[in-house]
Amino acid sequence: MPIAREGWPYILSLLALGGLLGLRWLWLGSVVVALAIFTALFFRDPNRVIPTGEGLVVSPADGRVVQVIPAPADGPLGGGATQVSVFLSIFNVHVNRAPIAGRVEDVRYNKGDFLPAFDDKASLRNEQNCVTIAGPSARVAFKQIAGLIARRIVFRKQQGDEVGRGERVGLIKFGSRVDVFLPAGTDLRVKVGDRVSGGSSILGVLPGSAR
């Protein structure tokens, strides 16, 4: 099972601690080793089949769609855009992927509060990283939003980098949410309650694309 590189310091530290504790307190060492295994599952990074086709927007994250609403006028794409919010539980894969192919046009990180990720206020007040990608025909943006437990957002790309659709671009540690901003006229393919997989589930088709 592939593991995201950011997870190894946690996993190895817990395994070492579990081994030491197990020399004297077997039950306690076993608990810590079990925690290491759970941490490894959290940082799992499975390969995904990326769909092909003109104008497809894939989900940047695994989880459940909790909102499909008009995006705020002061959002990264301005008025008329649609916001799709995906909530990630601690059991979901937390590696994030690029929703479209294109150039990373803008990256804006804001340190903030740590409200539960399912709280609507989290989109405004929590630690977050907003990324805008300029594709061949449209711009799509997404926010990596930290949750109640998460304390670090990882984004591996920089402004000006080229990314492929579904390419791994970062992760959010220990519970989170991702808001995706789709331009006006996008043909939505998801609704509230849907389960999506990062890199493989289609959120929508960009305007002007073949359907």
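Quick note: the coordinates plus some simple rules give every number you see, no bench work behind them. What you are looking at is a predicted structure, and each value in this text was computed from that prediction instead of being measured. Every residue, glycine as well, gets a Cβ built from its backbone with ideal geometry; the counts of neighbours run over all protein chains shown.
Only Cα sites of region 26-73 enter the Debye sum here, all with the same form factor; the resulting log10 I(q)/I(0) across q = 0.16, 0.25, 0.28 1/Å is -0.75, -1.04, -1.10, listed in q order. Using a Gaussian network model of the chain with C-alpha springs under 10 Å, which one of 152, 24, 103 is most mobile by mean-square fluctuation? Fluctuation is largest for 24.
Here's the picture: charge each Lys and Arg Cβ at +1 and each Asp and Glu Cβ at -1 in the chain, and of 199, 37, 154 the one pushed furthest to the positive end of that dipole is 37.
Distant-in-sequence amide contacts of residue 67, defined by a placed amide H-H separation under 5 Å and a gap of 5 or more residues or a different chain, comprise 85. Pick from 100, 145, 11 the residue whose mean-square fluctuation is largest in a GNM of the chain, springs joining Cα atoms under 10 Å. Ranking 100, 145, 11 by mean-square fluctuation puts 11 first.
Using 0.36 nm per residue of separation minus the Cα-Cα distance, give me the extension gain between residue 89 and residue 16 in nm, one decimal.
Contour length minus Cα-Cα distance gives 23.6 nm.
Across region 41-49, rounded Karplus estimates of 3J(HN,Hα) from the backbone phi angles (6.51 cos²θ - 1.76 cosθ + 1.60, θ = phi - 60°) give 5, 4, 8, 4, 9, x, 6, 10, 8 Hz, Gly and Pro being marked x. FRET efficiency for the pair residue 107 and residue 23, taken as 1/(1 + (r/R0)^6) with r the Cβ-Cβ distance and R0 = 41 Å, rounds to 0.35. Working note: 222 nm ellipticity from helices only, DSSP H runs with n ≥ 4, each -39,500 (n - 2.57), summed and divided by the residues of the chain, gives -5500 deg cm²/dmol to the nearest 500.
Treat every Asp and Glu Cβ in the chain as -1 and every Lys and Arg Cβ as +1, leave all other atoms uncharged, and give the resulting dipole magnitude about the Cα centre to the nearest 20 debye.
Details: 25 positive and 17 negative charges, 79 e Å.
In debye, rounded to 20, the chain gives about 380.
Remark: region 66-71, residue by residue, has Karplus-estimated 3J(HN,Hα) of 10, 8, 9, 9, x, 6 Hz, where x stands for each Gly or Pro and the curve is 6.51 cos²θ - 1.76 cosθ + 1.60 at θ = phi - 60°.
Note on region 1-51: Cα convex hull, mean projected area over all directions, 3.6 nm².
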